[in-house]
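Some notes on the structure that comes next.
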Amino acid sequence: MATSARRLANLLAPLIFAAGLAHLGYQAWKHWDVVTLDFRFFWLAGEFWLRGENPYDAAYAAAADAQFAISNGAIWYYTPNWFPIAALLSLPDALTASRLWLVANAAMLVAGAVLNECAFRRLPAASALIDPDAPIAAFVFSLPRRMLVFLFAGVTALAQATGNTLHLGQSSMLIYLGASLLLFGAARRGPIAAAAGLAILMLKPQIGVLICAGLVFTTFGRRAILFAGLVSFAAAAPAFLITPPAELVSALAGGISQYTDQAYNMPPAVTGLRHLAWIGSAPDLGSSFYLLLALAFIAAAGVAARLRTRPARTADVAAIAIAVAAMISPLHVYDFTLIAAIALYAVALPGVSGAISLAAFALSWRAGNLPHPAGLAADGVTYYPGSAYASLAAIAIAVAIVRCLAETRRRAAPALSGA
């Protein structure tokens, strides 16, 4: 039976990879002659910075209206460590840059698949939770490296979150690459890769800060935080040279407060516990409450990892933090490229935990294609199909990892210094 399954996987892997590439090609062709929706904000911010202007003030909204006919919601609320990327993206004209961003997204997806496969091979030594002899894990480990990359990249390319990312020109594929780099560095003892990955994740602080809350429980993780912090401050420095720090921080805070009031950031449009609370007609406690809840949950899991696995392992606390961020932090369905970075880790968990994770990833893969109650998409409500299913899947994945942590009784294999 196992041999037949491997043969089937080896047969299907190139076909799934080809289908994934075709999907990426279709998305690129479909959006080739337009500047994608959210990419316009990245490009315009870079143009402001290269001109020595402040994208956090009112002139940004006026320029967005004049150049792209964006009359509502034109706010630059990303943190100043975006300066190098936004400036680089704005060097060509907007349409050329948008096309290059589509190609870059496809490249980052494939690169992330390679990183995840490489990290996966080291997980038995790098994680206190992974069981390479568990049925699902043993099957995945038995696949040739190239076939596993083909399967992983193809399935990820065909996911709903990937299609949404390319359609909008969003940054979620970059965040996925950052998470993949972090786990690659954690699994293979690569401090530069881990720090680079965390620095990328800090481009989205509502994710990056949560992951730092997990990494603080290991020596290796704390080093990654230190180096990623230095990189982030260096990346932000030009923005602070253009705009006085007090003025920039004040304008950024004002932009963030407006961001949380936008319809596409309200409970019906986001994912996680805030979205599920809205479905259950519970009072909205706001994004800040759920971010603090996620921090508390990750801190508790980090303490448990130190007590249970002795020492806590960076790969484990990073995976827990990513899963909890997806479960609790108010994100969007396109942000679920993030959890692809822990897919191989989660399905390699022992027993029921691995099976739960596999089912959850299957649920979230094309969540927007599943039927949802008509009341969720009522008139005047901004609702993104698949948000509820993706939120439930994130809960299942987080529960599977934490369940495995709670049940482990063995002492982790002796780790290299600073695991």
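Rounded to the nearest whole angstrom, the semi-axes of the ellipsoid equivalent to the stretch 152-238, taken from the Cα gyration tensor as √(5λ), stand at 24, 16, 10, largest first. Residues LEU115, LEU182, LEU291, LEU338, arranged from fewest to most other Cβ atoms within 10 angstrom of their Cβ, appear as LEU291, LEU115, LEU338, LEU182. The largest-to-smallest principal axis extents of the Cα set in the stretch 2-407 are 61, 44, 43 Å. The length gained by stretching the chain between ASN10 and VAL249 to full extension, at 0.36 nm per residue less their Cα-Cα distance, is 80.8 nm.
The residue list THR408, SER287, PHE120 was ranked by how far each Cα lies along the charge dipole of the chain toward its positive end, using unit charges on Cβ atoms, and THR408 comes out on top.
Taking label positions 7 Å along the Cα-Cβ direction at both LYS30 and SER281, the computed distance is 3.6 nm, reported to one decimal.
The distance between label points at ASN72 and ARG121 comes to 5.2 nm (points 7 Å beyond Cα on the Cα→Cβ vector). A Förster distance of 41 Å, applied to the separation of the beta-carbon atoms of ASP93 and ALA355, puts the FRET efficiency at 0.25. For the pair ALA138 and ALA237, the difference between a 0.36 nm per residue extended length and the Cα-Cα distance amounts to 30.9 nm. Neighbour counting of Cβ atoms within 10 Å sorts the residues ILE211, ILE242, fewest neighbours leading, into ILE242, ILE211. Each label was represented as a point 7 Å from its Cα along the Cα-to-Cβ direction; for LEU50 and ALA107 these points are 1.7 nm apart. Our coupling estimate for the stretch 8-23, obtained by passing each phi through the Karplus curve with A = 6.51, B = -1.76, C = 1.60 and θ = phi - 60°, is 5, 4, 5, 6, 7, 3, x, 5, 5, 4, 5, 5, x, 5, 5, 5 Hz, Gly and Pro reported as x. Based on alpha-carbon atoms, the Kirkwood radius and the radius of gyration of the stretch 76-171 give Rg/Rh equal to 1.11. Here GLU53, GLU117 are placed in order of increasing Cβ neighbour count within 10 Å, fewest first, which gives GLU53, GLU117. Tilt of helix 145-157 relative to the longest C-alpha principal axis of the chain, in degrees (0 to 90, nearest 10)? Here the helix axis deviates by roughly 40 degrees. With 0.36 nm allotted per residue and the present C-alpha distance subtracted, the LEU226-THR3 stretch has 75.7 nm of extension available. A Cβ-based charge dipole, computed about the Cα centre of the chain with Lys and Arg at +1 and Asp and Glu at -1, lands at about 1960 debye.
With the charge dipole of the stretch 16-79 set up from +1 on Lys and Arg Cβ and -1 on Asp and Glu Cβ about the Cα centre, the Cα lying farthest toward the positive end among the listed residues ALA61, LEU50, ALA28 is that of ALA28.
Any read-out appearing in this document is the output of simple, stated calculations on the displayed coordinates, not a laboratory observation. The model shown is predicted, which means the values in this text are computed figures rather than measured ones. Neighbour counts are summed over all protein chains in view; Cβ atoms, including those assigned to glycine, are modelled from backbone coordinates with ideal geometry.
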